[in-house]
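S.K.: What follows is a structure written as structure tokens; I'll ask about it next.
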Amino acid sequence: MKWKWILCAVLMAGLLCSCGKKEEPPIQEEPGAVEPVTAGNAEELLAKLTVQEKVGQLFLISPDALDTTQTPQQRQDPNQPGLTQVDASARNVLKDYPVGGFVCTAKQLQDPDQLESLMTRLSQSSRVPPLFAIEEEGGSRSPFAGKETFSSPQVADMATVGADGDPAKAKQAGLALGSFLRDLGFHLDLAPVADVKTDPDNAVLGNRSFGTHPEQTAMLVSAAVDGFHEAGVACALKHFPGEGSARWDSQTGRASTEKTWQEMLTCEIYPFQAGMATGADAVLVSHMTAPNAVQDGLPASLSREMITEKLRGELRFQRVILTDSLSAQAITDTYSAGQAALLAFQAGADLLLMPEDLPEAYDALLSAVEKGTISQERLDQSVLRILQLKEKYDLI
């Protein structure tokens, strides 16, 4: 794999057993299980989907969104219980809102058998096989931390992994995390962090970044992508366009940078380009504002200038683009769930991550398609990218 690291160097130069298991009832065939859609490839499957199913594919939700007894605030509260099994109510929600996949959090993780049962029943309730994702970065940023029922690998935080600049260590971290997640049934890890920590006081980023130098960070990100792929798991570079120099407002959760786009191209964008060149499956776009880089004044996740013009156009990234969580305060303080979903999709995002209110977000997009505000061609473009990702990882 050394040639890939050499390629990235050239690119940069050009750019300057579990224990204590709870007894669970045996998995039984759900009476409400749906008949799956089958197809030879992504294009064939796309042609078989209804408009409602296509819109559903755009959403990557927390399983907790299927629990209609909880408020959005309760779903966001890590101290509140999460959805760990699928009942008739949850299946009915999926029937009305046939989402493309699920992002599991620590709330869904009791033990491997429970997780397998949850994934199986969610799959049985979905006509199109769902994508299962999780945010596993290693170190303390792990949903498996403290869960002794899972034999999770002991991978240090990325600042420690990248301390000496050895790509082999970064690749091994990606391989270890990816192999663990693959064996549990996950298809996508919302990692690695591609931010360059240029501000040492950036407490939000903490030890999650590989480093403070763009060239070294880029090399390590590329190596980590190789590791995830060798493990057979998709990965998403985050948090585009790079939050390493961001200033955070602790009251609103909003982040911003004063850098221009040209300044970002010489630093923050390096690792993203390296990861994309290595074949990263997705790029996750943050809610950070960059008033000197784009003129619309919107969070990057809702900005057409940032997503379509720069990431899609200038940087020529053609695979899946997903937003950061649309339940984040930086979004919900200003936008309704429907507004946020519509703006993000119109900006160029494919996958909409964890909207605060799934029915409102789904209905807003479906209505926009039915009215012609969103063209069928634009909808099909995003759905095809999502289905191609599922095809690559043997879901369809």
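S.K.: For the range 118-141, give me the residue count where each residue is small (G, A, S) and surrounded by fewer than 20 Cβ atoms within 10 Å (Cβ to Cβ).
M.R.: Here the count works out to 3.
S.K.: Taking the condition of being out of contact with any strand residue (DSSP E or B) (no Cβ under 7 Å at 6 or more places or on another chain), basic (K, R) and buried (at least 22 other Cβ atoms within 10 Å of the Cβ), how many residues in the range 170-217 meet it?
M.R.: 2
S.K.: Which of the residues that make up the range 132-142 are at pLDDT below 95 and not in a loop (DSSP other than H, G, I, E, B)?
M.R.: R141, the sole residue that qualifies.
S.K.: Go through R182, R208 for me and flag whichever is in a loop (DSSP other than H, G, I, E, B) and of a type in the set (K, R).
M.R.: Result of the check over R182, R208: R208.
S.K.: Right, another one. Out of all the residues in the range 356-396, which are of a type in the set (S, T, Y) and not in a helix (DSSP H, G or I)?
M.R.: If the condition is that a residue be of a type in the set (S, T, Y) and not in a helix (DSSP H, G or I), then T373, S375, Y393 are the ones that fit.
S.K.: Test V155 against the stated conditions and say whether it is surrounded by 24 or more Cβ atoms within 10 Å (Cβ to Cβ), of a type in the set (A, V, I, L, M) and not in a helix (DSSP H, G or I).
M.R.: Spelling it out, it is not the case that V155 is surrounded by 24 or more Cβ atoms within 10 Å (Cβ to Cβ), of a type in the set (A, V, I, L, M) and not in a helix (DSSP H, G or I).
S.K.: Further question: So, in the range 106-159, exactly how many residues are of a type in the set (D, E) and within 20 Å of I61 (Cβ to Cβ)?
M.R.: Selection size over the range 106-159: 3.
S.K.: Now for a separate question. Consider the range 106-131. How many of its residues are outside any helix (DSSP H, G or I), in contact with an Asp or Glu (Cβ under 8 Å, 6 or more places away or on another chain) and of a type in the set (S, T, Y)?
M.R.: 1
S.K.: Here's another thing I want to ask about it. Looking at A203, A145, A223 in this structure, which one is assigned to a helix (DSSP H, G or I) and more than 30 Å from A39 (Cα to Cα)?
M.R.: Only one candidate passes the filter, namely A223.
S.K.: Cβ contacts < 6 Å: first residue at negative phi, restricted to the range 337-349; second residue of a type in the set (D, E), any location; separation 6+ or different chain. Result?
M.R.: Between residues of the range 337-349 that are at negative phi and residues that are of a type in the set (D, E), the close pairs are A337/E356; A337/D357; A337/E360; G338/E360.
The values are calculated or read from the model by the stated rules, or taken from the named source; none is laboratory data. In this text, all values refer to a predicted model and were calculated from it rather than measured experimentally. Positions of Cβ are generated from backbone atoms using ideal geometry, with glycine treated the same way; all protein chains shown enter the neighbour counts.
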